[in-house]
Amino acid sequence: MTASDLGLVLLVGAAVVLTAIVAARVAHGIGLPGLLVFLGLGLALGEAGAGVRFDNAGLAQALGLSALVLILAEGGLTTNWAHARAAAPPALSLATVGVAVSVLVVALAARWLLGLGWRDALLLGAVLAPTDAAAVFSVLRKLPLPPRLSGMLEGESGLNDPPAVLAVTLLSDIGHHPLSPALILGEVAYQLAAGAAIGFAAGVAGAAALRRLALPASGLYPIAILALVVASYGAATLADASGFLAVYVSALVLGNVRLPHGPAIRGFAEGVAWLAQIGLFVMLGLLASPARLPAQILPAIAAGAVVVLVARPAAVAAATLPLRVPWRQQAFMSWAGLRGAVPIVLATIPINARVPGATRLFDIVFIIVVINTLAQGPTLPWAARRLKVAAPAEPLDVDVDVAPLEALHADLLQAQIPPGSRMHGVEIFELRLPAQASIALIVRGEKGFVPTLTTTLQTGDRLLIVASAAVREQTERRLRAVSRAGKLAGWYGEHGL
């Protein structure tokens with residue numbers, strides 16, 4: 001490749017990314033899910049549009065799995081452990097029992113409605129069983145849902161990929177390896193347990209190492225975190241365990257321990273996840289063939305209706321019934337089972353395994369994802385209001401960052417007062433920070449100044465606080481408590497935990 005060829009490739013790639021960003025902004029303004037815009041951009045660039053031909057299913061599968069690793073990493077890094085822990089039992093049940101029920105219901109319907117053979121019907125059910133982390137994270141985090149409800153849906157999307165991947169892989173190789181229920185259950189149990197263990201070990205070891213190492217630049221911390229998460233995927237895959245579960249668990253651990261430059265890490269992960277989503281959906285749009293799609297519209301509508309109206313409600317009911325989840329939340333979870341890139345990526349596995357009829361399966365799945373996302377995504381806010389599951393808006397917590405000052409055995413805390421914070425109007429002395437903590441500088445607008453004890457804080461102020469290591473946690477808790485409940489936070493039992 002010559003320098004001019006490389007320049008052309010980079011120019012076209014940058015133009016595609018910028019076009020996708022602008023299109024996502026426009027789609028957000030009209031309530032259209034961004035993934036549909038990216039898929040449409042891929043179709044426009046493909047053989048029926050600009051003429052770019054891409055039919056390498058093997059490369060698409062490898063790139064798709066890599067992109068899903070980055071998307072799952074961002075989901076784990078930005079998930080609150082307190083919310084995830086409370087929602088863990090129903091999320092795990094949805095990711096196992098729910099997946100099994102969904103596979104069986106869709107397979108029975110596909111066998112009866114579409115006339116598919118049992119393997120193809122089970123493959124369709126397995127491909128469509130998992131919800132999509134990218135779609136769930138991007139849509140649900142804009143809704144004011146109760147922490148447990150959002151935790152169940154986010155946790156499910158992070159945990160249900162491993163059983164679905166295993167099911168699709170085994171069904172695709174059914175002609176090469178004999179299957180038995182005991183073998184399948186044992187394999188699922190091993191993959192989940194080993195993947196979780198490897199991810200937890202990678203997260204704990206990585207956190208311990210980063211606490212002891214003072215890296216020379218703040219930009220190296222996000223890179224180190226992402227490398228640790230990707231390494232957990234590689235280690236789990238080599239151990240024949242679930243790489244996706246290892247990624248989610250390691251990212252969840254690293255995202256909920258005290259590390260330097262936490263907001264920068266989360267911001268970097270979010271940017272990488274967006275880039276992965278754009279690349280993934282554009283690539284999948286390129287892989288689809290518009291000429292083949294019309295013939296599968298009616299089968300896709302029938303199968304998609306079964307997924308949304310029958311399989312998903314049955315899976316939610318079976319998985320959550322023993323856990324006494326309110327029926328309104330069950331109904332919302334049934335409608336919020338968003339499909340996205342994961343089913344389309346899984347549909348490339350049978351193609352690579354040369355399963356007869358795999359191309360038709362891919363086309364059906366592609367259409368189902370487009371139609372169901374278009375029907376479900378924009379209507380989720382309406383469904384939350386109708387089912388009365390939306391939580392009242394709460395003031396945002398102060399986002400606290402840490403920049404280590406090893407020589408002074410102190411930390412420089414950076415905090416910004418968000419809209420709705422009850423820290424607005426509080427005077428410095430009313431914060432009652434520990435004796436070994438002091439606000440060194442306030443940045444208001446474009447100007448910085450050293451405050452006095454009677455300086456009144458305002459929304460948007462950025463505070464630079466020097467605190468000794470011994471009182472850092474106490475200082476952070478006090479800032480959060482005042483942000484939530486005002487200067488009399490302690491009287492109201494709010495301690496910023």
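The values are calculated or read from the model by the stated rules, or taken from the named source; none is laboratory data. Because the structure is predicted, anything quoted here is derived from the model rather than measured. Neighbour counts run over all protein chains shown; Cβ positions are idealised from the backbone, glycine included. With ligands, DNA and RNA removed, areas are computed over all heavy atoms of the protein, side chains included. Shrake-Rupley method; radii C 1.70, N 1.55, O 1.52, S 1.80 Å.
Want the number for Thr169 to Leu412: 0.36 nm per residue separation, take away the alpha-carbon distance, what's left?
Contour length minus the Cα-Cα distance gives 82.5 nm.
Taking the Cα-to-Cβ direction at Ala470 and at Arg53 and moving 7 Å from each Cα, how far apart do the two end points lie in nm?
7.3 nm
First check a/c for the stretch 61-195, with a ≥ b ≥ c the square roots of the eigenvalues of its C-alpha gyration tensor; if it is under 1.5, answer rounded, and if not, answer prolate when a/b is larger than b/c or oblate otherwise.
It comes out prolate by the Cα gyration axes.
Expressed as a whole percentage, what fraction of the accessible surface of the chain belongs to carbon and sulfur atoms when a 1.4 Å probe is rolled over the protein heavy atoms?
67 percent
What is the spin-label model distance, in nm, from Ile21 to Ala239 if the labels are put 7 Å beyond Cα along the C-beta direction?
Going by the 7 Å Cα→Cβ label model, 3.9 nm.
List the chymotrypsin sites (Phe, Trp or Tyr not before Pro) in the stretch 53-147 that DSSP assigns to loop (not H, G, I, E or B) and whose Cβ has at most 14 other Cβ atoms within 10 Å. Which are they?
Within the stretch 53-147, no chymotrypsin sites (Phe, Trp or Tyr not before Pro) qualify (loop, at most 14 other Cβ atoms within 10 Å).
As I understand it, the value is the acute angle between the Cα axis of helix 99-109 and the longest principal axis of the Cα atoms of the chain; what does it come to in degrees, rounded to 10?
So the helix axis and the longest Cα principal axis differ by about 30 degrees.
Given axes a ≥ b ≥ c from the Cα gyration tensor, I'd like to know whether the chain is rounded (a/c under 1.5), prolate (a/b larger than b/c) or oblate.
Verdict is prolate for the chain.
Please list, in chain and number order, the residues 5+ apart from Leu338 or on another chain whose amide H is under 5 Å from its amide H, with Hs placed from the backbone.
Asp132
Put Tyr190, Tyr233, Tyr221 in order of accessible area, largest first, 1.4 Å probe: what do you get?
If we order Tyr190, Tyr233, Tyr221 from most to least accessible, we get Tyr190, Tyr233, Tyr221.
Separation between the Leu298 and Phe200 pseudo-spin-labels, each 7 Å from Cα along Cα→Cβ, expressed in nm?
In this crude spin-label approximation the distance works out to 5.2 nm.
With a ≥ b ≥ c taken as the square roots of the eigenvalues of the C-alpha gyration tensor of the stretch 220-295, please select rounded if a/c is under 1.5 and otherwise prolate if a/b is larger than b/c or oblate if it is not?
Taking the square roots of the gyration eigenvalues as a ≥ b ≥ c, the stretch 220-295 is oblate.
How many Å² of accessible area per residue for the chain, probe 1.4 Å?
Roughly 46 Å² per residue, with all protein chains present.
By average Cβ neighbour count within 10 Å, what is the ranking of 412-423, 478-489 from highest down?
Per-residue mean Cβ counts within 10 Å order the peptides as 478-489, 412-423.
Can you give me the angle between helix 3-30 and the longest principal axis of the chain, using Cα atoms only, in degrees from 0 to 90, rounded to the nearest 10?
80 degrees
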